[in-house]
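The values are calculated or read from the model by the stated rules, or taken from the named source; none is laboratory data. As the structure is a computational prediction, the values presented were derived from the model and not from experiment. Please note: Cβ atoms are built from the backbone with ideal geometry, for glycine as well, and neighbour counts cover all protein chains shown.
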Amino acid sequence: MAASHYDELENRNPAAREAALLAALPKQIAHAQAKAPYYAATLKGIDPREIASRKALADLPVTRKSELIALQQQQPPFAGLNAVPRGELARIFMSPGPIYEPEARAPDFWRMARALYAAGFRKGQLVHNSFSYHLTPAGAMLEAAAQVLGCAVMPGGVGQTELQLRAIADLKPDGYVGTPSFLKILVDKARESGTAISSLKRALVSGEAFLKPAQAEISSAGIDAYQCYATAELGLIAYESPAREGLILAEDIIVELLRSGTGDPVAADEIGEVTVTLLSPEYPLIRFATGDLSTLLPGQSPCGRSNARIKGWLGRADQTAKVKGLFVHPAQIADIVKRHPGLTRARLVIEQGVAGDVLTLEAESASPDAALESGLVESLAAITRLRGRIRLVAPGQLPKDGKIIEDRRKAP
């Protein structure tokens, strides 16, 4: 391993990285069709050799994490997304929902070691792991990564603050992995009780937002903490480096940012739903949408890693709202846009009026006229079964914040 980077992949020429990913894509499509029953059905008739570009990839169907519960109930345990039999896996986990996730018999299956290394963890160190070891995979994800780096692991799990502080005081681990909120609890309790935890010099946190106040408090305790973005299905998606300018995308995954409710990639400066194609032979997820919103940052990281960066978590893509007893979904607004070729983007604004909820469909058009406005009124009613006003604006006038449905009503 290099002194500052995990491996040579992090320094690749971006064009070489993109070429390698796209070269692997047709093989992964063919593998998924042949081995995973779900993709044998959803990608039926697709010629894998033709899926060798991002444009071609964008034509494939999207599978959303929000659909997994129902899909797995229909075809347990993994909805046919797995490409190896259940008995050949190392472990099976259960996340809330429930959603079942496989772990293959592979070192660092979730590819988390790269994030640990960027956070300063090295061979021979002791890692205090406060991620859950019960049913959900987070504890195993980080333990496997630490062991690949050559670190020893203290499996703290969640809760039992006093016992965990005792273990830290006795064993003097070099670093912490877990949620930022539990690390803050440990720091606060240590101060209250006078327990020495000064051995903790570094941390990798995930699982929730790492807000500025928590960052400042943890830093004041002498802990250099970094964050990473991962899911139980996809493993590592992006991680923070010492440059602390956004989160760098993991190697060996293809990331797209999609307009909410659609399979359409957004422009480079827009917010979209993080969607990943995973080049894993055991769990070959194709265009798996996480439900999380983010946006790309321009340029490369000052740390020298050459992969693209995302800003971090910017909200949820599922902006479903209930209006007059009916649910309105982002996909419905996308359908309205498709019905009118002159539109570029649209968003539905919901506000409180004197006589009830007021809907306004704001839409970008280079050629606004009365006929388009009338047509949009009809499309809105036909697709959502709700009546609303139309506000046409010039292209580029709507905010690029990823919102397709903006609910401005105050909570009761």
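Quick one: which residue in Ala79, Ala83, Ala90 is at pLDDT 95 or above and within 29 Å of Gly175 (Cβ to Cβ)?
Working: Ala79 fails: within 29 Å of Gly175 (Cβ to Cβ); Ala83 fails: within 29 Å of Gly175 (Cβ to Cβ).
One residue alone meets the criteria, Ala90.
Beta carbons closer than 9 Å, at least 6 apart along the sequence or on distinct chains, pair a first residue in the range 128-147 that is closer than 18 Å to Ala106 by Cα with a second that is part of a helix (DSSP H, G or I) and of a type outside the set (A, V, I, L, M) for Ala145/Arg114; Ala145/Tyr117. Could you please find all residues in the range 129-153 being in contact with a helix residue (DSSP H, G or I) (Cβ under 6 Å, 6 or more places away or on another chain) and closer than 15 Å to Leu200 by Cα? Hits for the range 129-153 are Asn129, Ser130, Val153.
Looking only at the range 233-272, filter to residues that are of a type in the set (A, V, I, L, M), out of contact with any Gly (no Cβ under 9 Å at 6 or more places or on another chain) and modelled with pLDDT of 95 or more; which one of those is farthest from Arg305 (Cα to Cα)? Going through the qualifying residues, I end up with Leu234. Sort out which residues of the range 279-305 are over 27 Å from Ala36 (Cβ atoms) and either outside the structural domain of Asp252 (by TED's automatic domain parsing) or surrounded by fewer than 16 Cβ atoms within 10 Å (Cβ to Cβ) (or both), and write them in order of number. Of everything in the range 279-305, those that are over 27 Å from Ala36 (Cβ atoms) and either outside the structural domain of Asp252 (by TED's automatic domain parsing) or surrounded by fewer than 16 Cβ atoms within 10 Å (Cβ to Cβ) (or both) turn out to be Pro298, Gly299, Pro302, Gly304. Annotation: of all residues in the range 56-69 being within 20 Å of the chain's Cα centre (by Cα) and part of a helix (DSSP H, G or I), the one that is surrounded by the fewest Cβ atoms within 10 Å (Cβ to Cβ) is Glu67. If the condition is being modelled with pLDDT under 95 and under 13 Å from the mean Cα position of the chain (by Cα), then the range 220-230 contributes no residue at all. Those residues that are under 22 Å from Asp318 (Cα atoms) and not in a helix (DSSP H, G or I), I need them from the range 70-92; list them, please. Hit for the range 70-92 is Ala79, nothing else. Against the conditions (1) surrounded by fewer than 18 Cβ atoms within 10 Å (Cβ to Cβ); (2) under 23 Å from Ala209 (Cβ atoms); (3) in contact with a helix residue (DSSP H, G or I) (Cβ under 6 Å, 6 or more places away or on another chain), Pro107 satisfies every one except (2). Among the residues of this structure, Val205 does not count as one that is in contact with a Pro (Cβ under 8 Å, 6 or more places away or on another chain), touching a residue at least 40 places away in the same chain (Cβ under 8 Å) and not basic (Lys, Arg).
Pick out, from the range 298-412, the strands (runs of 3 or more DSSP E) lying fully within it that include 1 or more residues that are in contact with a helix residue (DSSP H, G or I) (Cβ under 7 Å, 6 or more places away or on another chain) and over 30 Å from Leu247 (Cβ atoms). Walk me through it before giving the result.
On the way: elements: 321-323, 326-328, 343-353, 356-365, 389-393, 405-407.
Here the list reads 326-328, 343-353, 356-365, 389-393.
Taking the conditions (1) out of contact with any Ser or Thr (no Cβ under 9 Å at 6 or more places or on another chain); (2) assigned to a helix (DSSP H, G or I); (3) at pLDDT below 95 in turn, Gln147 satisfies each one other than (3).
Would you confirm, using the coordinates I've provided, whether Ser367 is surrounded by fewer than 18 Cβ atoms within 10 Å (Cβ to Cβ) and more than 29 Å from the chain's Cα centre (by Cα)?
yes
Does Leu171 satisfy being touching a strand residue (DSSP E or B) at 6+ places or on another chain (Cβ under 7 Å) and loosely packed, with under 14 Cβ neighbours inside 10 Å? Yes; evaluated as a whole, the condition is true for this residue.
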